[in-house]
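*Asks:* Okay, here's the structure, questions in a sec.
The values are calculated or read from the model by the stated rules, or taken from the named source; none is laboratory data. Keep in mind it's a predicted model, so treat the numbers as computed, not measured. Cβ atoms come from the backbone with ideal geometry, glycine included; neighbour counts cover every protein chain shown. We work out accessible area using only protein heavy atoms, side chains counted, and drop any ligands, DNA or RNA first. Shrake-Rupley method; radii C 1.70, N 1.55, O 1.52, S 1.80 Å.
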Amino acid sequence: MNTPLVDSHCHLDLYADYERVFAAARNSAAEFLAVTTTPLAWEQNRQLAAGSANIQVGLGLHPQLVGQPVADVAAFARAIEASRFVGEVGLDAGPRHYKTFNEQRTVFAEILRLCARFPGKVLSIHCVRAFKEIFALLDEHWSPPCGTLIFHWFSGTCADARRATERGCFFSINPLMANKDSAHRLLVEIPLDRLLTETDGPFTENVSQAPRQPGDVQSALELIASAKDLS
Ligand code: MN
């Protein structure tokens, strides 16, 4: 039996032709974690993915949306028990989102507390320029570990990666990470059994500069294989 390809972080609902994208995912041999950016989108994605064993939908509240009405923490809290998968959640201290950073921290702390009430959750985490703060929140609200944490599109240092590895975290890798000099060093640093593949589609492009399609993780696999000296 062939092992299926796994797209651990994609936004099936954010493609312009999302109905076709959902249908293609349903009929594909790959496995998908369809992350969402708001609790309302989670509900809609669940309907679109209904009956598809190869599509899991993550309950999301994207840090870049914190402060907007769609970033509805009460709706997230109501839905959390019903969703084993959670994401996209996290912290973004990049220049465009720094103004809401304090609020993001409050929201992400609440998300961790809610997830910790139902052990076994799998979280897909966005973290930009905020590793110190995210580790502090994990110390406070995720100790002892009560689920699986996946850093998506990891942009931290090798020291951050070591810290995350020691905490048992996973990392989902997409081919755009290859554009950074540090990506190879990170991939050497992180143990092979902690590496997952993702597209983050439609936010990454393929070689023809079109949005990468969900499940198109071949080049992420090649990136990992080259760092680990594997075929
Ligand atoms: Mn994403």
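*Asks:* Looking only at the range 138-145, decide whether some residue is among the polar types (S, T, N, Q) and part of a helix (DSSP H, G or I).
*Replies:* Among the residues of the range 138-145, not one is among the polar types (S, T, N, Q) and part of a helix (DSSP H, G or I), which makes the answer no.
*Asks:* I've got another one for you. Could you identify the single residue in N54, N102 that is within 24 Å of F171 (Cα to Cα) and polar (S, T, N, Q)?
*Replies:* Just a single option satisfies the conditions, and that option is N54.
*Asks:* Hey, another quick one. Looking at the range 7-22, which of its residues are open to solvent by less than 10 Å² (accessible area, probe 1.4 Å) and part of a helix (DSSP H, G or I)?
*Replies:* Matches in the range 7-22: L12, V21, F22.
*Asks:* Just the residues that are among the polar types (S, T, N, Q) and either within 15 Å of the ligand (Cβ to nearest atom) or assigned to a helix (DSSP H, G or I) (or both), please, taken from the range 170-210.
*Replies:* S172, N174, N179, S182, T197, T199, T204
*Asks:* Also: Can you name the condition, by its number, that G168 falls short on among (1) under 18 Å from the mean Cα position of the chain (by Cα); (2) surrounded by 15 or more Cβ atoms within 10 Å (Cβ to Cβ); (3) without any contact (Cβ under 8 Å) to a residue 60 or more places away in the chain?
*Replies:* (2)
*Asks:* Which is at pLDDT 95 or above, within 15 Å of the chain's Cα centre (by Cα) and polar (S, T, N, Q), of S155, S124?
*Replies:* S124
*Asks:* Yes or no: R84 within 21 Å of H11 (Cα to Cα), open to solvent by 20 Å² or more (accessible area, probe 1.4 Å) and among the charged types (D, E, K, R)?
*Replies:* Yes; evaluated as a whole, the condition is true for this residue.
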